[in-house]
Amino acid sequence: MKRGAAVAVLLSGGAAFGSLSCSVPPSDGTYTPAAFPDETTFSPVAELLSVRCGAIDCHGNTARNLRIYGSTGLRWLSSDQPFYPLCNTSAEDLQTYDSVVGLEPERMSVVVSGGDPALLTMVDKARGTAAHKGGQIWTAGDDSDVCLISWLQGQPNGGDCQSAVASAIPASPRNPLLCCFESNNPTSCQ
Amino acid sequence: MRWPREGRVVRDRAPRRAVWVFAFLVLTGDAAAQGVAESSPASSPGQTSNLDIHAASEFASYADTDHVFVQTPSISGAVSDPLAGWSVDGSYVVDVVSAASVDIVSTASRRWEEVRQAGTLGATYKPNDLGASAASALSVEPDYVSWMVGGSVTEDLLQKNLTLLLGYFHTHDTAGRTGTPFSVFSETLESEAFKAAATMVVNRTTTLALVVDSVFENGNQAKPYRYIPLFAPGTSVPIGASIDLVNSLREAPRPLEQLPSSRQRDALSARLAHRFHRSTLRLDERVYGDSWLLFATTTDARYFFDLGRRVETGPHARLHAQNGVDFWQRAYTLGPGFSYPEYRTGDRELGPLVNATGGWNLRIGLGPVADTNAWVLGFDANFTYSRFLDDLYLTQRTSALVGVSLEANW
């Protein structure tokens, strides 16, 4: 009976423990601000993403978690068409920015604060270190990777972005899209 | 795979959970429902060995209107010496899942197929009124590994009219992404579960069991594939909005699901079983609450009646209702200054829902006249209708779970 009494005490204690646990304050579900990379220096990165990832059967699709807008795929304005206007619009770059930073906002904040960019699924997928339906897109350390990583780390490198875009677009015959990425005034490109 | 627990789904967990519960009931012989006043079915007249051996094989199939299909073959076995008071048991189950649910299609992904394997091993020693049990389990699938160890102590009191039980179980889950090494991406979840139970023999034909479960979870519970559409404040998004409508209304950011890193869950269950002259009634009621403010009630009833000496059959009914977690929203919105909802989910099992299950069970004793339970062929069929009260994409789902089993007892 002594053993029984001990078990009974433990049992009632366990029940009390369970009831106490209900008194823990619940989560409040409020909004949380996130730290994001610079929007004003995103344009070269948006251009890279649009040519490398923005085809309509890839991320140029509104159903994708990561939407990438641009001339060659998904247009922001319903009145716009592929290659018309020829270059990405600033509104498209902004939408792509929102999508990129909004994919994993908590992890993005960590990366912006000096964390390893490989924390981001997007970086891993592009490098091929994480499973990606589109396969490996680029290699860690190449121009495309440096373009994205340097921007994430607050040290945008437009040169690497430009060379990465150039290498992604056939140079001969000269692709008119190159004008968009080389010109300081893309609206003049035809 | 995660072990069956309330309101918790990693990747279309509901069907798998249903299969688990179903398989557990079948493989354990659903002893309580078979007659509380019956002796062990494994004890054969004229038996010379002290050992009782039980083996079972089952095949279950699940299908629902959300295009999820699961095939679940399983085997289990147990060896016990009732006189010496020990037993060991084990089981092995395979889930073959094929899914093209709305959650998958809504992210422009294709049907996926996956195989999960799981096993359990347990032992009990109860030479007299005081006993102890140890349990372990392992579940492996391409993107999820889970293991559990635990144990319990029991004591019979009042001339075995009252049995108390205290148990503790630790679970460690590692979640990853299919095709991605765990070294590149993985999240862990630790779970400590405590169980306290009291089973009373009310009279010769009636038992009552009361069970308190408390589970403390810490870690990441968010599904690494689930991204949550965000809308501009003021956007009207109807219940059951289609994939196309959601994609046309949502903003560009679609963040990964984010859940609180800790959760405390408590449940109180009661089971009443009564043996009539030629039938058995079993009633279960479970009330559940957790620190995410999800509350649920589940009522389950089974009735078995004897059709002769070899056949036992009867209906099964279950009703379940729950509210949503406190951070549940059908349509999450971006906050001021491009801020994000701190917690966000699209897991239907965390939202308000009700469901009703109806089914039928048939067990046929195929053994010799002296021991008809030496071989038992079982059939089960259950159909569940679920209503999701405040969700995108899906407002209702109908599922079927059928199984056939063969048990042998020596």
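What to note about this one:
- Lysines whose Cα lies under 23 Å from that of residue B:223, excluding same-chain neighbours fewer than 8 positions away: A:125, A:133
- Charge dipole of the stretch A:39-189 about the Cα centre (unit charges at C-beta), most positive-ward option of A:78, A:121, A:105: A:78
- Helix B:13-27 and the longest principal axis of the C-alpha atoms of chain B enclose an angle of approximately 0°.
- The stretch B:176-226-the stretch B:232-292 distance, computed between alpha-carbon centres (Å): 15 Å
- Partner chain coverage, peptide A:92-102 - average Cβ within 10 angstrom: 3
- For the stretch B:81-185, chymotrypsin sites (Phe, Trp or Tyr not before Pro) meeting the loop criterion (DSSP other than H, G, I, E, B) and having at most 16 other Cβ atoms within 10 Å: B:182.
- Here the Gaussian network model covers chain B, with springs between Cα atoms less than 10 Å apart; of B:371, B:103, B:95, B:371 fluctuates the most.
- Note on residue B:126: lysines with a C-alpha under 30 Å away, same-chain residues under 8 apart excluded, are A:2, B:160, B:195.
- Kirkwood-type radius of the protein assembly as shown, with distances r between different C-alpha atoms, in Å: 27.1 Å
- Spatially, the stretch B:308-373 and the stretch B:48-126 are offset by 17 Å when compared through their Cα centroids.
- Here the residues B:340, A:31, ranked from fewest to most Cβ neighbours within 10 Å of their Cβ, fall in the order A:31, B:340.
- Note that chain B carries a Kirkwood radius of 22.9 Å, evaluated over its alpha carbons pair by pair.
- Fluctuation leader among B:108, B:374, B:209 - chain B, Gaussian network, Cα springs under 10 angstrom: B:108
- Take every Cα pair under 8 Å whose residues are at least 6 apart in sequence, average their separation, divide by the length of the stretch B:183-271, and the relative contact order is 36 percent.
- Relative counts (whole %) of C-alpha pair distances in the stretch B:207-329, using bins that are 5 Å wide: 2, 8, 12, 13, 12, 11, 11, 9, 8, 6, 4, 2, 1, 0
- For chain B, built as a Gaussian network whose Cα springs stay under 10 Å, the top-fluctuating residue of B:238, B:315, B:368: B:368
- Spin-label model distance (nm) - residue A:80 vs residue B:270, 7 Å beyond Cα toward Cβ: 6.5 nm
Throughout, read-outs are computed from the coordinates displayed, never taken from laboratory work. Quantities reported herein were computed from a predicted structural model and do not represent experimental measurements. Glycine gets a Cβ as well: all are built from the backbone with ideal geometry, and neighbour counts include every protein chain shown.
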